[in-house]
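Colleague: Supplied in C-alpha cells, the structure appears directly below.
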Amino acid sequence: MKPDPMRPAGFTLPELLVVLAVVGVLLAAGVPGLRGYTRNQQLANAANAFLGALNLARSEAIRRGSRVDLAPRDGSRWENGWVVFANKPGDANLQFDAGDELIYSHDSLPAGLSMATTLSDKSAPYIAYNGNGRTRNNISDRAPQWGSWQFSLDGRTRLVRLGILGRARICNPADDRSCRFTSDPAPATNRNIAPL
C-alpha cells in the first residue's frame, strides 16, 4: 500500500505536549532520588577508596618486607587526598617527601564530603605497616597503631576501622550498632574488627 501524499506524517502538537508532560512528570519524580543515590555513591566510593589504600599499603609492606606508610597528601587533612609511599630508610618525617617512593596517590574528596579521624598515635596523621603487615607507630615496628576514619556527606556516614593487627573494614553506623566513631579510640580487637 502506498502512503497518502496528502496526509501529513509525524505527530500532532497535542500528542507531543502529552508526551513531554509525561516525561516531565517522570523526571520530576526521579531526579531527587537520583541525587540521593549519587551522593550515597560518592560516600561509598570515598570510603572504599580509602580502604583500598589501607589494603594496598599493607600488601606492599608485606611484599617488600619493609615499612610502607599511608598519609594525607598535604600532611594534615585527609580530605585533600592521601598517598601510599615507601618511606626512605632513616626518615623520621611521617609525610611523603623527597626520596620517598610513591606507590599510590588519591585526589581530594568531592565537595561537601568530610572526614574525621581518630588514631592511637596522635603525633601526626599517618598509618604505617611493617614488613609483617601489621600496623606500627613511628617509634617502634612492634608497637601497633589503630584508629577510625569517619566519612560524612549529607547526614550519611561510613566508618573505616583499623584494628591493631592491621586489618581494616568498612561499616555503616545506620546498619551496625557496633560501628561508632569516638574521638578516643579503644584498641580494636579481632572480635570487633573480624567481619570483612
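Read-outs: derived from the displayed coordinates by stated rules, not from any lab. Note that the structure is predicted; figures quoted are calculated from it, not measured. Methodologically, a virtual Cβ is constructed for each residue, glycine included, from the backbone with ideal geometry; neighbour enumeration extends over all protein chains shown.
Colleague: Please work out the Cα center distance from the stretch 10-86 to the stretch 118-160, rounded to the nearest Å.
Modeller: Value for the Cα centre distance between the two parts: 22 Å.
Colleague: Computed from the coordinates I sent, Cα extents along the principal axes in Å equals one of (1) 55, 40, 27; (2) 65, 39, 27; (3) 90, 40, 31. Tell me the label.
Modeller: Given (1) 55, 40, 27; (2) 65, 39, 27; (3) 90, 40, 31, the calculated one carries the label (3).
Colleague: Can you tell me, using C-alpha contacts under 8 Å and at least 6 residues apart, the relative contact order of the chain as a whole percent?
Modeller: 18 percent
Colleague: Can you tell me how much longer the chain between residue 18 and residue 34 gets when fully stretched, taken as 0.36 nm per residue apart minus their C-alpha distance, in nm with one decimal? Show your work: numbers first, answer last.
Modeller: Numbers: separation 16, 0.36 × 16 = 5.76 nm, distance 2.40 nm.
Once the chain is fully extended between residue 18 and residue 34, it gains 3.4 nm.
Colleague: Let me know the longest stretch in the chain that avoids all trypsin sites (Lys or Arg not before Pro) found in a DSSP loop with at most 15 other C-beta atoms within 10 Å.
Modeller: 1-121
Colleague: Here's another thing I want to ask about it. Label point 7 Å out from residue 77 along Cα-to-Cβ: which residues of the stretch 102-144 have amide N under 20 Å?
Modeller: Output list for this probe position: 105-119, 123-127.
Colleague: Give the angle, between 0 and 90 degrees and rounded to the nearest 10, that separates the Cα long axis of helix 13-64 from the longest principal axis of the Cα atoms of the chain.
Modeller: Once rounded, one gets 20 degrees.
Colleague: Also, quick follow-up: How much mean residue ellipticity at 222 nm does the chain get from its helices, if each DSSP H run of length 4 or more adds -39500 (n - 2.57) and you divide by all residues, to the nearest 500 deg cm²/dmol?
Modeller: -10000 deg cm²/dmol, from helical runs alone.
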